[in-house]
Amino acid sequence: MPVRRKVDLAEKLIAEWPLSPAATLGSSVRARGIFLDMRARLPLALRKLLHIESTVLSLRLPEGDDADVESASAIITQAMHNIEDLPVIPREVEDILTISSAERHRWLKDGRLQSAGTRTVKLRGRARKITFHVFEPRHIEDVLDRDLVSAWRDEDAATSAENRRRAAAKAALKRAQKSGRRGSTSGDGDRDNASRSNLRGWEDFESEGLLR
(Lines give C-alpha, C1' and ligand atoms only; values in the text may rest on other atoms or scores of the structure.)
Protein backbone atom coordinates (compact mmCIF):
# COMPACT_ATOMS: atom_id res chain seq x y z
CA MET A 1 0.00 0.00 0.00
CA PRO A 2 1.39 3.45 -0.90
CA VAL A 3 2.73 5.58 1.90
CA ARG A 4 0.21 8.24 2.79
CA ARG A 5 1.81 11.68 2.59
CA LYS A 6 0.54 14.32 4.99
CA VAL A 7 -1.41 17.04 3.21
CA ASP A 8 0.44 20.34 3.01
CA LEU A 9 -2.24 23.01 3.30
CA ALA A 10 0.13 25.50 1.71
CA GLU A 11 -0.20 23.61 -1.55
CA LYS A 12 -2.66 25.00 -4.04
CA LEU A 13 -6.04 23.26 -3.84
CA ILE A 14 -7.15 22.40 -7.36
CA ALA A 15 -10.31 20.37 -6.70
CA GLU A 16 -12.14 18.34 -4.07
CA TRP A 17 -14.48 15.35 -4.34
CA PRO A 18 -16.49 14.39 -1.21
CA LEU A 19 -17.28 10.67 -0.98
CA SER A 20 -20.95 10.01 -0.27
CA PRO A 21 -22.15 7.49 2.35
CA ALA A 22 -23.52 5.40 -0.54
CA ALA A 23 -19.96 5.19 -1.88
CA THR A 24 -18.11 4.47 1.37
CA LEU A 25 -20.93 2.48 3.07
CA GLY A 26 -19.73 4.02 6.32
CA SER A 27 -16.30 2.40 6.10
CA SER A 28 -12.96 4.19 6.36
CA VAL A 29 -11.38 1.12 4.78
CA ARG A 30 -13.75 1.49 1.83
CA ALA A 31 -12.92 5.22 1.58
CA ARG A 32 -9.23 4.36 1.52
CA GLY A 33 -9.87 1.73 -1.14
CA ILE A 34 -11.67 4.27 -3.34
CA PHE A 35 -8.74 6.66 -2.93
CA LEU A 36 -6.27 3.98 -4.02
CA ASP A 37 -8.46 3.08 -7.00
CA MET A 38 -8.68 6.73 -8.09
CA ARG A 39 -4.95 7.20 -7.56
CA ALA A 40 -4.16 4.19 -9.75
CA ARG A 41 -6.09 5.76 -12.63
CA LEU A 42 -3.75 8.74 -12.77
CA PRO A 43 -0.48 8.80 -14.70
CA LEU A 44 2.42 7.87 -12.42
CA ALA A 45 3.78 11.43 -12.31
CA LEU A 46 0.42 12.82 -11.12
CA ARG A 47 -0.46 10.30 -8.41
CA LYS A 48 1.33 12.22 -5.66
CA LEU A 49 -1.07 15.13 -6.22
CA LEU A 50 -4.12 13.21 -5.00
CA HIS A 51 -4.85 13.05 -1.28
CA ILE A 52 -7.60 11.89 1.06
CA GLU A 53 -8.68 13.46 4.32
CA SER A 54 -11.53 11.63 6.07
CA THR A 55 -13.99 11.10 3.20
CA VAL A 56 -12.81 13.87 0.87
CA LEU A 57 -10.45 13.41 -2.06
CA SER A 58 -8.41 16.46 -2.94
CA LEU A 59 -6.05 17.40 -5.74
CA ARG A 60 -3.27 19.73 -4.61
CA LEU A 61 -0.39 21.27 -6.51
CA PRO A 62 2.88 21.97 -4.69
CA GLU A 63 4.42 25.41 -5.16
CA GLY A 64 6.62 25.53 -8.24
CA ASP A 65 5.17 22.32 -9.68
CA ASP A 66 3.90 22.63 -13.24
CA ALA A 67 2.14 19.27 -13.44
CA ASP A 68 -0.87 18.88 -15.72
CA VAL A 69 -3.45 19.22 -12.96
CA GLU A 70 -6.29 19.82 -15.42
CA SER A 71 -5.73 16.37 -16.90
CA ALA A 72 -5.64 14.80 -13.45
CA SER A 73 -8.79 16.62 -12.40
CA ALA A 74 -10.65 15.47 -15.50
CA ILE A 75 -9.70 11.83 -14.88
CA ILE A 76 -10.92 11.88 -11.28
CA THR A 77 -14.11 13.79 -12.13
CA GLN A 78 -14.99 11.24 -14.79
CA ALA A 79 -14.27 8.28 -12.50
CA MET A 80 -16.38 9.78 -9.71
CA HIS A 81 -19.54 9.55 -11.82
CA ASN A 82 -19.90 5.82 -11.08
CA ILE A 83 -18.00 5.66 -7.81
CA GLU A 84 -20.97 4.24 -5.89
CA ASP A 85 -20.90 1.18 -8.16
CA LEU A 86 -17.21 0.41 -7.57
CA PRO A 87 -17.01 -3.30 -6.57
CA VAL A 88 -16.36 -4.00 -2.90
CA ILE A 89 -13.20 -6.00 -2.19
CA PRO A 90 -12.81 -8.54 0.67
CA ARG A 91 -11.15 -6.34 3.30
CA GLU A 92 -13.82 -3.68 2.71
CA VAL A 93 -16.63 -6.23 3.08
CA GLU A 94 -15.20 -7.37 6.41
CA ASP A 95 -14.97 -3.79 7.69
CA ILE A 96 -18.42 -2.73 6.44
CA LEU A 97 -20.21 -5.78 7.87
CA THR A 98 -17.88 -6.21 10.88
CA ILE A 99 -17.26 -9.88 10.06
CA SER A 100 -14.23 -12.17 10.15
CA SER A 101 -12.42 -13.64 7.17
CA ALA A 102 -13.74 -17.09 8.17
CA GLU A 103 -17.33 -15.83 8.09
CA ARG A 104 -16.79 -14.17 4.73
CA HIS A 105 -15.37 -17.38 3.24
CA ARG A 106 -18.17 -19.54 4.75
CA TRP A 107 -21.01 -17.30 3.61
CA LEU A 108 -19.48 -16.85 0.17
CA LYS A 109 -19.17 -20.63 -0.20
CA ASP A 110 -22.80 -21.33 0.74
CA GLY A 111 -24.16 -18.45 -1.35
CA ARG A 112 -25.37 -16.12 1.35
CA LEU A 113 -22.75 -13.59 0.28
CA GLN A 114 -23.16 -13.24 -3.48
CA SER A 115 -20.01 -12.84 -5.56
CA ALA A 116 -20.02 -10.32 -8.40
CA GLY A 117 -17.06 -12.03 -10.04
CA THR A 118 -13.34 -12.22 -9.41
CA ARG A 119 -10.39 -9.91 -9.80
CA THR A 120 -6.76 -10.86 -10.30
CA VAL A 121 -3.99 -8.50 -9.23
CA LYS A 122 -0.25 -8.69 -9.04
CA LEU A 123 1.23 -8.15 -5.60
CA ARG A 124 3.45 -5.11 -5.45
CA GLY A 125 7.10 -6.04 -5.91
CA ARG A 126 6.30 -9.72 -6.47
CA ALA A 127 5.78 -11.97 -9.45
CA ARG A 128 2.89 -13.82 -7.84
CA LYS A 129 -0.70 -12.86 -8.62
CA ILE A 130 -3.73 -13.33 -6.40
CA THR A 131 -7.37 -13.80 -7.37
CA PHE A 132 -10.26 -12.84 -5.08
CA HIS A 133 -14.02 -12.35 -5.21
CA VAL A 134 -15.56 -8.88 -5.35
CA PHE A 135 -19.10 -7.86 -4.40
CA GLU A 136 -21.78 -5.48 -5.63
CA PRO A 137 -22.05 -2.47 -3.30
CA ARG A 138 -25.87 -2.63 -3.26
CA HIS A 139 -25.79 -6.28 -2.18
CA ILE A 140 -23.44 -5.47 0.70
CA GLU A 141 -25.61 -2.46 1.58
CA ASP A 142 -28.69 -4.71 1.66
CA VAL A 143 -26.95 -7.21 3.95
CA LEU A 144 -25.99 -4.33 6.23
CA ASP A 145 -29.39 -2.61 6.26
CA ARG A 146 -31.32 -5.84 6.94
CA ASP A 147 -28.81 -6.93 9.61
CA LEU A 148 -28.48 -10.28 7.88
CA VAL A 149 -25.15 -10.90 9.60
CA SER A 150 -26.94 -11.39 12.94
CA ALA A 151 -29.43 -13.78 11.35
CA TRP A 152 -26.65 -15.74 9.64
CA ARG A 153 -24.71 -16.04 12.87
CA ASP A 154 -27.82 -17.36 14.63
CA GLU A 155 -28.30 -19.90 11.81
CA ASP A 156 -24.67 -20.99 12.07
CA ALA A 157 -24.93 -21.37 15.85
CA ALA A 158 -28.06 -23.52 15.49
CA THR A 159 -26.39 -25.65 12.82
CA SER A 160 -23.30 -26.14 14.97
CA ALA A 161 -25.43 -27.15 17.96
CA GLU A 162 -27.36 -29.66 15.83
CA ASN A 163 -24.12 -31.08 14.42
CA ARG A 164 -22.74 -31.49 17.95
CA ARG A 165 -25.97 -33.21 19.06
CA ARG A 166 -25.82 -35.65 16.15
CA ALA A 167 -22.14 -36.35 16.73
CA ALA A 168 -22.80 -37.06 20.43
CA ALA A 169 -25.73 -39.37 19.56
CA LYS A 170 -23.62 -41.23 17.01
CA ALA A 171 -20.79 -41.67 19.51
CA ALA A 172 -23.22 -42.92 22.16
CA LEU A 173 -24.69 -45.45 19.70
CA LYS A 174 -21.23 -46.77 18.85
CA ARG A 175 -20.40 -47.15 22.54
CA ALA A 176 -23.66 -49.00 23.15
CA GLN A 177 -23.05 -51.35 20.21
CA LYS A 178 -19.52 -52.06 21.37
CA SER A 179 -20.72 -52.75 24.91
CA GLY A 180 -23.46 -55.04 23.56
CA ARG A 181 -20.96 -57.10 21.56
CA ARG A 182 -18.82 -57.61 24.66
CA GLY A 183 -21.87 -58.64 26.67
CA SER A 184 -22.97 -61.07 23.94
CA THR A 185 -19.56 -62.72 23.87
CA SER A 186 -19.58 -63.14 27.64
CA GLY A 187 -23.09 -64.64 27.60
CA ASP A 188 -22.12 -67.25 24.96
CA GLY A 189 -19.23 -68.39 27.13
CA ASP A 190 -21.50 -68.82 30.14
CA ARG A 191 -23.95 -70.87 28.09
CA ASP A 192 -21.13 -73.12 26.82
CA ASN A 193 -19.95 -73.74 30.38
CA ALA A 194 -23.48 -74.57 31.50
CA SER A 195 -23.92 -77.03 28.62
CA ARG A 196 -20.66 -78.76 29.45
CA SER A 197 -21.64 -79.25 33.09
CA ASN A 198 -24.90 -80.92 32.02
CA LEU A 199 -23.18 -83.58 29.87
CA ARG A 200 -22.06 -86.62 31.82
CA GLY A 201 -18.51 -87.69 31.12
CA TRP A 202 -17.57 -84.38 29.56
CA GLU A 203 -14.44 -84.16 31.69
CA ASP A 204 -13.32 -87.54 30.33
CA PHE A 205 -13.51 -86.31 26.78
CA GLU A 206 -11.48 -83.23 27.72
CA SER A 207 -8.88 -85.34 29.59
CA GLU A 208 -8.47 -87.68 26.62
CA GLY A 209 -7.88 -84.74 24.31
CA LEU A 210 -10.90 -85.53 22.21
CA LEU A 211 -12.39 -82.06 22.53
CA ARG A 212 -11.31 -79.68 19.79
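The values are calculated or read from the model by the stated rules, or taken from the named source; none is laboratory data. Computed from a prediction, not measured in an experiment: that's the story for all the values here. Positions of Cβ are backbone-derived with ideal geometry, glycine not excepted, and every protein chain shown enters the neighbour counts. All accessible areas refer to the heavy atoms of the entire protein, side chains included, with ligands and DNA or RNA removed. Shrake-Rupley method; radii C 1.70, N 1.55, O 1.52, S 1.80 Å.
Nonpolar atom fraction for the stretch 46-137, defined as the carbon and sulfur part of the 1.4 Å probe accessible area, stands at 47 percent. Here is the result for the stretch 8-86: no trypsin sites (Lys or Arg not before Pro) lie in DSSP coil with at most 16 other C-beta atoms within 10 angstrom of their C-beta.
Across the stretch 1-143, the relative contact order, built from alpha-carbon pairs under 8 Å that are at least six residues apart, equals 23 percent.
Return the loop-located trypsin sites (Lys or Arg not before Pro) in the stretch 103-174 (DSSP other than H, G, I, E, B) with at most 12 other Cβ atoms within 10 Å of their own Cβ; answer none if there are none. Qualifying residues, ordered by number: Arg124, Arg126, Arg128, Arg146. Loop-located GluC sites (Glu not before Pro) in the stretch 56-148 (DSSP state other than H, G, I, E, B) with a sparse environment of at most 12 neighbouring Cβ atoms within 10 Å: Glu63.
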